[in-house]
Amino acid sequence: MLFVLGDYLIIGRRASDIAASIETGVGSGALAPGTLLPPLRELATELGVNPNTVAAAYRTLRERGVIVTDGRRGSRVLPRPATVPRDQMRMTVPAGVRDLTQGNPDVRLLPSLDGPLASAARRHAQNPTLYGQDPVAPDLARLARAGFDADGVAPGPVAVTSGALDGIERLLTAHLRPGDAVAVEDPGWGGTLDLVPALGLRVIPVAVDDEGPLPGSVERALEEGARALIVTARAQNPTGAAVGAARARDLRALLAARPEVFVIDDDHGHGIVDLPLHSLGGVTRHWALVRSTAKAYGPDLRLAVLTGDPVTMDRLRGRQRLGPGWVSRLLQHAVVELWSSGAVDPVAVARSYGARRDGLIGELARRGVRAHGRSGMNVWVPVADETVVVTRLLSAGWGVSAGARFRVVSGPGVRLTVSGLGLDEVPALAEAVAAGVRQVGGGRFD
């Protein structure tokens, strides 16, 4: 009734007891991530139980995201879900140091919410939102769908979530089960890199360049069993990559041969970029596009609009009904007011960020430092040693983000957020970066 695995004893006669014993070992650290579990027949023999009992235990552990089974390679302990988010790897920037680590938009480019929120309050006074109403305000659904149509996004119903990450989480759980693999950009958004393992899913990193995910890397990820692909359409964090027309064609052709893959487009850069959207949605059976309002209208406006195939949107909205029910109609009506009034000029905002981003990349190039930032508010600089560069820049009065927050297997780098940067500060920053960089990477990030 016991089995010794390393220094740990697996015990139990029932499937639930065996699963609990293994999960206890994983939780205590005695069974480390990657530990190969015994074949089910071998474990069944040692415990004196039927192999079906062990199979049921392993199935329970897979569903809980504790282990993953890979055919003849056996079952292994998955990396433990993130308990310390990557965002908490952010260093504390001392007083007097210019902070380029936060990833926030320029508050001077954000519209006032006074009028839109007051308008939403007046709507509420006239027609209070009550239980049982459609979770998506009709005006918001109409405007969102019109925006999707204008950008060439495939037809589909509209849903609303509390920001992009909430939407991505609900989408992943609509189709995937613990142990499934997800292809994720590397370097990529730390929130996604945290979320996927926290859901019991497995990250397969996909290399990117300035045009987005590399088709060869995506193909390898799909061959390794990725059931979903998450792509940042524009303003990729941290590299600034944006999927161009040619890259989109290549990726769509690749995905057309894999109709079972669930594709998620993350368009969090909507409203701050002037590059066209090239969505990958509609090629596979299940797909979705998430469009956040945070970067253009303010991070505290916790709202994202989504569209996708009817099955995916129905599953998302059905599960949402069992949780929060809906996103506040007050926020939805505020966004309607913002969109209707043209409170943000995306072209002007994109030019403002572009002037700072391109200015920094140009100044770095003149100093022999290669950097990346095709769109959005971030510049990515490949380096030989993140710790050394971050430390040197800190001593020079600049706080930047170490690339470890955004990487899985890709090369080291640092991220600089330019949204709070003045154009007059760009040369001094470039000089400090050039002095701190010991070795510069190439034009690719893998």
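Values quoted throughout were computed directly from the atomic coordinates according to the rules given, and no laboratory measurement underlies them. Bear in mind the structure is a predicted one, so any value in this text is a computation, not a measurement. Neighbour counts are summed over all protein chains in view; Cβ atoms, including those assigned to glycine, are modelled from backbone coordinates with ideal geometry.
Over the stretch 2-77, what is the relative contact order in percent, taking alpha-carbon pairs closer than 8 angstrom and at least six residues apart? Don't skip to the end; give the middle numbers.
Working: 97 pairs, mean separation 24.5, N = 76.
Once divided by the residue count of the stretch 2-77, the mean separation gives 32 percent.
Tell me the relative contact order for the chain as a rounded percent, counting alpha carbon contacts under 8 Å between residues six or more apart. Working shown, then result.
Values: 908 pairs, mean separation 80.0, N = 446.
Reported as a whole number, the value is 18 percent.
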Rounding to the nearest 20 debye, state how big the charge dipole of the chain is about its Cα centre with +1 on each Lys and Arg Cβ and -1 on each Asp and Glu Cβ.
560
Using +1 at the Cβ of each Lys and Arg and -1 at the Cβ of each Asp and Glu in the chain, identify which of Asn237, Ala348, Val409 lies farthest towards the dipole's positive end.
Val409
Would you kindly work out the equivalent ellipsoid of the chain from its C-alpha gyration tensor and give its semi-axes, the square roots of five times the eigenvalues, largest first in whole Å?
39, 30, 20
Once you have the alpha carbon radius of gyration of the stretch 304-406, what is it after dividing by 2.2 N^0.38 Å, with N set to its residue count?
1.63
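Based on the alpha-carbon gyration tensor of the stretch 2-77 and its eigenvalue square roots a ≥ b ≥ c, which shape applies: rounded if a/c is under 1.5, prolate if not and a/b is larger than b/c, or oblate? Spell out each step's value before the answer.
Working: a/c = 1.33, a/b = 1.13, b/c = 1.18.
Rounded, since a/c falls under 1.5.
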